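Written below as structure tokens is the structure these notes are about.
The values are calculated or read from the model by the stated rules, or taken from the named source; none is laboratory data. Values in this document were obtained by computation on a predicted structure and should not be read as measured data. Cβ sites come from the backbone with ideal geometry, for glycine too, and all protein chains shown count toward neighbours.
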Amino acid sequence: NHVYVIPPDADLFIENYTFKVITPRSGRNKQIDVFFLSLAEAMGERAIGIVLSGYDGDGTEGCRHIKAKGGKTFAQDMSAEVEHMPLSVQAAGYADFVVPLDQIPGKLRILADALKT
């Protein structure tokens, strides 16, 4: 029931099930990859990564880590305003679900319910 946004000048990690903000960021333009890697390590098969509109393919490597740990990944379909990030995840074969933005909440609800059992 929360949405957390990574500050533009920081990296975000999960450490001991707690968000940790590191400033300044690592210098790379890969904030999503950095976060997804820590998410995969912390949550394993319970990790869910969602890659929406954006540039530079950020999120692709992180989705690889999430899938390697048994988690699930989403990539926004061609409705993304800037398609680079979701297309990169799809092209690499790391997207479990490729859906329009408005369908992601319903799919997340189904996944969350399945994880409760």
Selection from region 76-117 of residues within 21 Å of Lys30 (Cα to Cα) and in a helix (DSSP H, G or I) yields His84, Met85, Pro86, Leu87, Ser88, Val89, Gln90, Ala91
State whether one or more residues within region 97-115 are without any contact (Cβ under 8 Å) to a residue 24 or more places away in the chain, crowded, with 16+ Cβ neighbours inside 10 Å and within 14 Å of the chain's Cα centre (by Cα). no
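Would you confirm, using the coordinates I've provided, whether Glu83 is more than 23 Å from His2 (Cα to Cα), over 14 Å from the mean Cα position of the chain (by Cα), of a type in the set (Asp, Glu) and surrounded by 12 or more Cβ atoms within 10 Å (Cβ to Cβ)? Walk me through how you get there before you give the answer.
Numbers: more than 23 Å from His2 (Cα to Cα): yes; over 14 Å from the mean Cα position of the chain (by Cα): yes; of a type in the set (Asp, Glu): yes; surrounded by 12 or more Cβ atoms within 10 Å (Cβ to Cβ): yes.
For Glu83, the condition - more than 23 Å from His2 (Cα to Cα), over 14 Å from the mean Cα position of the chain (by Cα), of a type in the set (Asp, Glu) and surrounded by 12 or more Cβ atoms within 10 Å (Cβ to Cβ) - is met.
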Do we have Lys69 as at pLDDT below 90 and basic (Lys, Arg) here? no
I need the full set of residues from region 16-42 which are assigned to a helix (DSSP H, G or I) and surrounded by 18 or more Cβ atoms within 10 Å (Cβ to Cβ), in order please. Gln31, Ile32, Asp33, Val34, Phe35, Phe36, Leu37, Ser38, Leu39, Ala40
Pairs needed: first member in region 25-45, under 9 Å from Ile14 (Cα atoms) and touching a residue at least 12 places away in the same chain (Cβ under 8 Å); second member anywhere, of a type outside the set (A, V, I, L, M) and surrounded by fewer than 16 Cβ atoms within 10 Å (Cβ to Cβ); C-beta distance under 7 Å; at least 6 residues apart or different chains. Ala42/Tyr17
